[in-house]
Structure formats: C-alpha cells, structure tokens
Amino acid sequence: MKTTCEAQVTALPGGAVIRLSGDVDGTAADTLTAAYDQAVAEGDPASIVLDFASVGYINSTGRSSTSPGSRTSSSSSPISMTP
C-alpha cells in the first residue's frame, strides 16, 4: 500500500536533518523541496542530512529527487544521505 512521503526538519548548529517517512517516489518531489527550503530558511546550514530510516519504499524517481542536482534553491548546502 502506497503511503505519502512526509518530511520533518530539525535544525541543528551548522546543519539540519530531514527525516523522511512513507514512500519516496516521483510524487515526493514537492515534499522534499519544501523540506529542503525550510531547512535552509531556518539557518542556511553548512550541511543537510537526509534520514531514510522510516522510509518504506523508494524507487529510482524518488532517489533522483533526493540528489543534490535536483535542488532548486540557491543555497550551496551539501546533502548527505543516511540509511
């Protein structure tokens, strides 16, 4: 059963964590972009970590949505991915 992707942003000193849950597929792009923009707005972090621990499903379209090249923000914050 498909579940909608959700993102929770936690600002940390010098960085941010975006905790993802649900399905990360092509429909998750807007959720991911909004979470990234929120993380940047809350302090322009030096790095952003994507936490996939609660993700039940990810396909190649969802994976490409999480890549640094998919960002539309002007921030240069690098993205790290954690399982």
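Summary of computed values
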| read-out | value |
| --- | --- |
| Subset of segment 25-45 (residues that are under 17 Å from Thr61 (Cβ atoms), surrounded by 14 or more Cβ atoms within 10 Å (Cβ to Cβ) and more than 10 Å from the chain's Cα centre (by Cα)) | Asp25, Thr27 |
| Close pairs from segment 1-28: first among the acidic types (Asp, Glu) and modelled with pLDDT under 95, partner loosely packed, with under 15 Cβ neighbours inside 10 Å and assigned to a strand (DSSP E or B), Cβ under 7 Å, at least 6 apart | Asp23/Gly56; Asp23/Tyr57 |
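The values are calculated or read from the model by the stated rules, or taken from the named source; none is laboratory data. Just so we're clear, the structure is a prediction, and the values are computed from it rather than from any experiment. Heads up, the Cβs are rebuilt from the backbone with ideal geometry, glycines too, and the neighbour counts pull from every protein chain shown.
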